[in-house]
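Only one structure is covered here, and it is reproduced in the block below.
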Amino acid sequence: MPIKSKIRTIPHYPKQGVMFRDITTLLKDPAGFRATIDKLFDHLNGVKIDKVAAIEARGFIIGAALAFQLGVGFIPIRKRGKLPAKTISQSYELEYATDCIEIHIDAISQGDRILLVDDLIATGGTAEAAIKLIETAGGKIVESCFVINLPDLGGRIKLEKQNQKVFSLCEFEDNEH
């Protein structure tokens with residue numbers, strides 16, 4: 001089943017010129033959702049992973065299902081102020097502002113092998129911040145997995161230049177509907 005065919009494109013959302021890649025159409029399709037998790041699981045066959053860390057919010061859906069399938073723990077990476085216990089944080093630059101993500105201070109043990117998951121990689125800024133956060137907490141990034149890569153925005157290349165292993169199930173060019 002082609003995962004890409006199950007993803008809806010919404011032109012000019014959230015602003016003019018943006019082609020929003022909406023995975024809710026993939027998630028509502030039982031066969032599509034299962035195929036997504038199965039393909040990620042198969043890709044990771046034989047890779048030692050201690051925990052899956054996923055980025056808020058759509059990344060949680062994919063990451064939690066994959067962690068369950070792998071039989072490992074799940075770490076939510078949240079926006080600042082959303083986690084109830086003591087946290088560590090990582091700030092990062094956005095186009096016109098800064099943002100911050102956090103994990104609980106006890107989420108990762110020293111040397112844990114972490115799989116980073118999100119629904120999409122665009123510029124790579126959030127993923128890069130998540131990698132720094134995980135490494136600061138003592139984790140080692142095994143790989144970063146995404147459902148969608150937007151190659152025109154350069155995030156995958158940005159992470160690979162930092163010696164990160166990156167995998168995605170499909171790609172969309174900027175002008176592709």
| task | Only residues in the range 26-53 that are free of Cβ contacts under 8 Å to residues at least 40 places away in the same chain and hydrophobic (A, V, I, L, M, F, W, C) count as the first member; pair them with residues that are surrounded by fewer than 17 Cβ atoms within 10 Å (Cβ to Cβ) and not in a helix (DSSP H, G or I), Cβ under 7 angstrom, at least 6 apart or cross-chain, and list the lot. | result | Ala31/Met1; Ala35/Met1
| said: If I ask for residues that are surrounded by 19 or more Cβ atoms within 10 Å (Cβ to Cβ) and among the basic types (Lys, Arg), which ones from the range 37-52 would you list? | reply: Lys51
| task | Mind telling me which of the residues Ile101, Ile108, Ile121, Ile148 ends up being within 17 Å of Lys51 (Cα to Cα) and buried (at least 16 other Cβ atoms within 10 Å of the Cβ)? | result | Ile108
| request: Using the structure shown, decide if Ile121 is of a type outside the set (Lys, Arg) and touching a Gly at 6+ places or on another chain (Cβ under 8 Å). | output: yes
| request: Confirm whether Leu70 is under 20 Å from Gln164 (Cα atoms), in contact (Cβ under 8 Å) with a residue 24 or more places away in the chain, buried (at least 19 other Cβ atoms within 10 Å of the Cβ) and within 18 Å of the chain's Cα centre (by Cα). | output: no
| So which residues in the range 71-107 are touching a Gly at 6+ places or on another chain (Cβ under 7 Å), among the aromatic types (Phe, Trp, Tyr) and at pLDDT below 95, if there are any at all? | Tyr92
| remark: Exactly one of Ile62, Ile23, Ile7, Ile55 is in contact with a strand residue (DSSP E or B) (Cβ under 8 Å, 6 or more places away or on another chain), modelled with pLDDT of 95 or more, over 27 Å from Ile141 (Cα atoms) and buried (at least 19 other Cβ atoms within 10 Å of the Cβ), and that one is Ile7
| task | Kindly indicate whether Phe33 is crowded, with 17+ Cβ neighbours inside 10 Å and modelled with pLDDT of 95 or more. | result | yes
| note | For Gln110, the lone unmet condition from (1) touching a Gly at 6+ places or on another chain (Cβ under 6 Å); (2) within 21 Å of Lys39 (Cα to Cα) is (2)
| remark: Of the listed residues (Asp119, Asp174), the one being touching a strand residue (DSSP E or B) at 6+ places or on another chain (Cβ under 9 Å), assigned to a strand (DSSP E or B), acidic (Asp, Glu) and under 29 Å from Ser5 (Cα atoms) is Asp119
| said: Being among the basic types (Lys, Arg) and either over 15 Å from Cys145 (Cα atoms) or more than 18 Å from the chain's Cα centre (by Cα) (or both) narrows it down to one residue among Lys39, Lys28; which is it? | reply: Lys28
| In the range 127-134, is there at least one residue being outside any helix (DSSP H, G or I), in contact with a helix residue (DSSP H, G or I) (Cβ under 9 Å, 6 or more places away or on another chain), surrounded by fewer than 21 Cβ atoms within 10 Å (Cβ to Cβ) and at negative phi? | no
| said: Looking only at the range 151-177, count every residue that is exposed (fewer than 14 other Cβ atoms within 10 Å of the Cβ), touching a helix residue (DSSP H, G or I) at 6+ places or on another chain (Cβ under 7 Å) and either under 17 Å from Thr36 (Cα atoms) or of a type in the set (Lys, Arg) (or both) and tell me the total. | reply: 0
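The values are calculated or read from the model by the stated rules, or taken from the named source; none is laboratory data. Worth saying up front: this structure is predicted, and the values here are computed from it rather than measured. Positions of Cβ are backbone-derived with ideal geometry, glycine not excepted, and every protein chain shown enters the neighbour counts.
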